[in-house]
Amino acid sequence: KQEVTQIPAALSVPEGENLVLNCSFTDSAIYNLQWFRQDPGKGLTSLLLIQSSQREQTSGRLNASLDKSSGRSTLYIAASQPGDSATYLCAVGDTGRRALTFGSGTRLQVQP
Amino acid sequence: DAGVIQSPRHEVTEMGQEVTLRCKPISGHDYLFWYRQTMMRGLELLIYFNNNVPIDDSGMPEDRFSAKMPNASFSTLKIQPSEPRDSAVYFCASSPDYNEQFFGPGTRLTVL
């Protein structure tokens, strides 16, 4: 059974810092990996989708990498802003069971 | 497109009552997923459909839960009878091809 772990569980940084969020998964037979953002009391917003054949994806100040063999993904946020404060969730899509397995998330607070 | 639509956004009910949650996926998406989010267990898949057919319902907690998709533009998740431990946020998501998933705003259910 796939298990997804996110470290750290919470992170507080001053505005302007570059930061890295980590995600690890136990079964490397994945179809894709998706990073989401969730604001308090809100739904999930898709940030980046990485196919299993890809190594990274970029969108604006966000860059996500995937190392399938080691079961790791990172989300890099450049020049963080207070508006980036949210919970970031990593989710893995398995090749067999076509649904996402989620990590528990990293709660990010960017201080102005 | 308006995105995935869920109703109601909030539901408060008493133990033993029947609860019906509704979802309208994005037009043209062939996959529909129901997830549940709790503090203790995070986000978990309940069931998903492909072309209106249930494919994997292994996440449905017990017989009190049932889901239907009578057509490509509508799905329901029913709980009968409801219990306090069913209190959670229920998300519906859709995907065009089992790739990137798009989530609705969720239904916050409270069972007293």
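The values are calculated or read from the model by the stated rules, or taken from the named source; none is laboratory data. All values derive from a computational prediction rather than experimental measurement. When we count neighbours, we look across all protein chains shown, and the Cβ atoms used for this are built from the backbone with ideal geometry, even at glycine. Accessible surface areas use protein heavy atoms only, side chains included; no ligands, DNA or RNA. Shrake-Rupley method; radii C 1.70, N 1.55, O 1.52, S 1.80 Å.
Brief remarks follow.
- A residue that is polar (S, T, N, Q), open to solvent by less than 30 Å² (accessible area, probe 1.4 Å), assigned to a loop (DSSP other than H, G, I, E, B) and more than 21 Å from residue A:81 (Cα to Cα) can be found somewhere in the stretch A:1-12.
- Residue that is nearest to the other protein chains (Cβ to nearest Cβ) [pool: residues in the stretch B:50-87 that are small (Gly, Ala, Ser) and more than 23 Å from residue A:93 (Cα to Cα)]: B:87
- Condition check for residue A:86: open to solvent by less than 10 Å² (accessible area, probe 1.4 Å) and at pLDDT below 95: no
- Test result for residue A:28, open to solvent by less than 50 Å² (accessible area, probe 1.4 Å) and out of contact with any helix residue (DSSP H, G or I) (no Cβ under 9 Å at 6 or more places or on another chain): no
- Residues that are at pLDDT below 95, open to solvent by 20 Å² or more (accessible area, probe 1.4 Å) and farther than 15 Å from residue B:5 by Cβ within the stretch B:86-107 comprise B:96, B:97, B:99, B:100, listed in sequence order.
- Count of residues meeting criterion [away from chain B (no Cβ under 12 Å), surrounded by fewer than 14 Cβ atoms within 10 Å (Cβ to Cβ) and in a loop (DSSP other than H, G, I, E, B)] in the stretch A:31-77: 6
- Set side by side, the residues B:48, B:90 differ, and just one is in a strand (DSSP E or B), on the phi < 0 side of the Ramachandran plot, of a type in the set (Phe, Trp, Tyr) and without any contact (Cβ under 8 Å) to a residue 24 or more places away in the chain, which is B:48.
- Some residue of the stretch A:95-103 being facing another protein chain (nearest Cβ under 10 Å) and either farther than 17 Å from residue B:101 by Cα or charged (D, E, K, R) (or both): yes
- Taking the criterion of being of a type in the set (Val, Ile, Thr) and within 13 Å of another protein chain (Cβ to nearest Cβ), the residues of the stretch B:8-49 that qualify are B:26, B:38, B:47.
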